[in-house]
Amino acid sequence: MSDRFIIWLSTNPVATWLIKHVASPLDPLIFKATNGRFTSMGPPAMPMLSLTAIGCRSGEPRSVQLACIERGGDFLVVASAMGQQQHPAWRYNIEANPEVQVQIRGERFTARAQVLTDSEKEVVWQEIRQAIPQMNVYQTRTDRNIRVFRLVRVGASSA
């Protein structure tokens, strides 16, 4: 699929609903089962990871599929919720329980999630918008402060 089509698909209101209610529950399962090679839409069009965190209310593992960028050995993920007015549930889960499991293509590891400060976010925001162009649309849909999290491998030091 072309990049332009993928951006349109992931920012169209009807497709956004389908992604949230159909693809989102399936993608972490497909991604893990195929060792990061596929999602419900086929091979990932951009770098992706599956993040598994402990639910802050349920205490159960909760997985979500996220676009990411690698930076200095760490991974950055964005709590955009596709521009919705409320923060995604996974944000609250990793704030309550920052030790998470990460699946990237060909590798699984434990990481610690750290929210970036606004000044740290400002340094990487343009890079994120270029790597994940949907963010350009998502940030216009909401007035909330979209948080960015750094996932640092447990036992590794942050850059």
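The values are calculated or read from the model by the stated rules, or taken from the named source; none is laboratory data. Please read all numbers here as calculations on a predicted model, not as lab measurements. Glycine gets a Cβ as well: all are built from the backbone with ideal geometry, and neighbour counts include every protein chain shown.
Below is a table of values for the structure above.
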| read-out | value |
| --- | --- |
| Residue count for the range 1-14, restricted to those that are of a type in the set (A, V, I, L, M, F, W, C), modelled with pLDDT under 70, in a helix (DSSP H, G or I) and over 29 Å from ARG153 (Cβ atoms) | 4 |
| Some residue of the range 137-152 being under 20 Å from ILE54 (Cβ atoms) and surrounded by fewer than 17 Cβ atoms within 10 Å (Cβ to Cβ) | no |
| Long-range neighbours under 8 Å by Cβ, at least six apart or interchain, first residue on the phi > 0 side of the Ramachandran plot within the range 57-84, second at pLDDT 90 or above and of a type in the set (Phe, Trp, Tyr) | none |
| Strands (runs of 3 or more DSSP E) contained in the range 27-77 and holding at least 1 residues exposed (fewer than 15 other Cβ atoms within 10 Å of the Cβ) | 61-67, 69-71 |
| Members of the range 115-134 found to be touching a helix residue (DSSP H, G or I) at 6+ places or on another chain (Cβ under 9 Å) and closer than 25 Å to ALA96 by Cα, listed by number | VAL115, LEU116, LYS121, TRP125, ILE128 |
| Breaking point among (1) under 25 Å from GLY42 (Cβ atoms); (2) among the aliphatic types (A, V, I, L, M); (3) surrounded by fewer than 18 Cβ atoms within 10 Å (Cβ to Cβ), for LEU116 | (1) |
